[in-house]
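The values are calculated or read from the model by the stated rules, or taken from the named source; none is laboratory data. Since we're looking at a predicted model, the values are computed, not measured. FYI the Cβ positions are ideal-geometry reconstructions off the backbone, even for glycines, and counts take in every protein chain you see.
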Amino acid sequence: MIAKSIKGNATASIKSELELCMKDGFSPTLAIIFISVAQDRKAIARILDEKGIAIFGCTTNGEFIDEETEKGSAAILLMDMNPDYFQIYFEEYPDKNYRKVANEIAQKAQNKFKNPAFLMGLSGAETDGEEVLKGLEDIIGQDVNAFGGCAGDDYAFTETFVFTNKQESNGGIVCMAIDEANIAVSGIATCGWKAEGTEKTVTKSEGNHVFTVEDTPVLDITTKYGGLENITPDNKDLLVELAANFPLQLQREKGDPVMRPALVVDWTDRSFYTSGTVPQGSKVRFSLPPDFDVMEKVVKGVEELKKNKMPEADAMVVFSCAGRILSLGPMMTEELEGIKNVWKVPMAGMFSNAELGRTKGGNLEMHNLTTCCIALKEK
């Protein structure tokens, strides 16, 4: 399978790049598009559709090919994958029946392919990615091979979109099922954030609303461990600091912990809402601000993936949390360069609102502050 990555800051430049990469006879059948909401995604989709190229698309908080990060642009991974080896599904969930929608997609994929893997993009701030993953597991089993991310909107946090050739939605799922009999799909979700202190017990929570840890308001105990000051509603930088640098680390019986950053504070009781479920009675640890080790752990995880599961690849797709670039800044290019150099194949990715995948030895879960790397190889 041949893969090429292109990028552009306008519809005309994308059209030009597409024509240039096809001059040598390259005939792509599939495009994975990561695109800013500032771009005309419908016009770009029409250009690709006219070439007979199937589209898997997500809006982003930033996009990249290789290690070059961009804002307000489009990054596209093109592949000449045999159309018999993949199928793109698009569904909405106006009734918030995420698990049922995922059930139906998984059933269709299983009817088409004996052993399907899944690449997913989800839109809508309220979308429960964990329910989507459970929906796949209901049909395929707990070992289902699935990865993806939640769409962004350049940090506006208002409307995010997923799209295909002629459909788009700010409350839906684009899902590509891949026939693993012909295309090897392997990936890993890695965070790298170091923990501080011993395990603490979540003494009161409801879903993703965390009230107390060790019977202390979660905001107070988190900011104490983080050494943060000016803990008031007037501090407009507090949430960014909490989410990007000091997430709760939800401990798991197997696999790495799952990051649960604070997204909204309830000042009446100094509780906060996180990006995913934090069960009452669960164990958490607090985080240290990120350093170079964070990037090194991600790259090492990808290197181990190559060594143990995927010695060769034709292309790479990356979903990296928007919080990582807020925390790491210009250093983010070093992480992406390290990932790119593992296989040295065409790569495209996006900065997402959440990531879907499996950590080393862990369960399939929704993550934050995590980099999810997926390698593809035609057999």
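Values for this structure:
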quantity: Residue in the stretch 262-271 that is in contact with a helix residue (DSSP H, G or I) (Cβ under 8 Å, 6 or more places away or on another chain), among the hydroxyl-bearing types (Ser, Thr, Tyr) and at pLDDT below 90 present; calculated: no
quantity: Residue within the stretch 85-108 that is modelled with pLDDT under 95, touching a Leu at 6+ places or on another chain (Cβ under 9 Å) and polar (S, T, N, Q) present; calculated: no
quantity: Single residue of the stretch 214-258 satisfying the filter (over 15 Å from residue 202 (Cβ atoms) and touching a Ser or Thr at 6+ places or on another chain (Cβ under 6 Å)) that is modelled with the lowest pLDDT; calculated: 255
quantity: Close pairs (8 angstrom Cβ cut-off, 6 or more residues apart or separate chains): closer than 20 Å to residue 69 by Cα in the stretch 151-170, basic (Lys, Arg) and surrounded by fewer than 18 Cβ atoms within 10 Å (Cβ to Cβ) anywhere; calculated: 154/71
quantity: Lone unmet requirement of (1) outside any loop (DSSP other than H, G, I, E, B); (2) over 28 Å from residue 328 (Cα atoms); (3) modelled with pLDDT under 95 for residue 78; calculated: (3)
quantity: Members of the stretch 210-246 that are part of a strand (DSSP E or B), surrounded by 19 or more Cβ atoms within 10 Å (Cβ to Cβ) and not polar (S, T, N, Q); calculated: 210, 211, 213
quantity: Residue within the stretch 54-74 that is at pLDDT 95 or above, more than 19 Å from the chain's Cα centre (by Cα) and within 30 Å of residue 324 (Cβ to Cβ) present; calculated: yes
quantity: Verdict on residue 125 being in the same structural domain as residue 351 (by TED's automatic domain parsing), in a helix (DSSP H, G or I) and in contact (Cβ under 8 Å) with a residue 40 or more places away in the chain; calculated: no
quantity: Hits in the stretch 278-323 (condition: among the small types (Gly, Ala, Ser), more than 25 Å from residue 35 (Cβ to Cβ) and either outside any loop (DSSP other than H, G, I, E, B) or touching a Cys at 6+ places or on another chain (Cβ under 6 Å) (or both)); calculated: 287, 301
quantity: Residue within the stretch 319-331 that is among the aromatic types (Phe, Trp, Tyr), surrounded by 14 or more Cβ atoms within 10 Å (Cβ to Cβ) and within 17 Å of residue 199 (Cα to Cα) present; calculated: no
